[in-house]
Amino acid sequence: MTKILPLMKEAQVKAHNKVETTVWVRAKDPDEACDLAIRKVCSDIMKERNSTRYKDIAKQAKNKISVVRIRRSNSSA
């Protein structure tokens, strides 16, 4: 998030506006988990405000953010 954080703060995006963010997803493998996590962050940004600026920030976030750590949960829920 550090790569896109200055732009997000400038636009006053509230969703996931921290250096580290945690996103929970259900995935079959680590690659799918990374893809779903990035999509969720972008989706949350666009849900906050449906404007051209927020859509542009979500698009840039998709290209700039990276997943650093994946943790497996054994939750059966």
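Nothing in this text is a laboratory measurement; each read-out follows from the coordinates by a stated rule. Keep in mind that what you see is a predicted model, and the values were worked out from it rather than measured. For neighbour counting, all protein chains shown are included, and Cβ atoms are generated from backbone atoms with ideal geometry for every residue, glycine included.
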Long-range neighbours under 9 Å by Cβ, at least six apart or interchain, first residue on the phi < 0 side of the Ramachandran plot within the stretch 58-74, second surrounded by 10 or more Cβ atoms within 10 Å (Cβ to Cβ) and of a type in the set (Phe, Trp, Tyr): 73/24
Residue count, the stretch 15-57 (criterion: surrounded by 12 or more Cβ atoms within 10 Å (Cβ to Cβ) and in a loop (DSSP other than H, G, I, E, B)): 8
Residues (in contact (Cβ under 8 Å) with a residue 12 or more places away in the chain and either surrounded by fewer than 17 Cβ atoms within 10 Å (Cβ to Cβ) or not in a helix (DSSP H, G or I) (or both)) located in the stretch 5-14: 7, 11, 13, 14
Residues within the stretch 11-41 that are more than 13 Å from residue 70 (Cα to Cα) and more than 9 Å from the chain's Cα centre (by Cα), tallied: 7
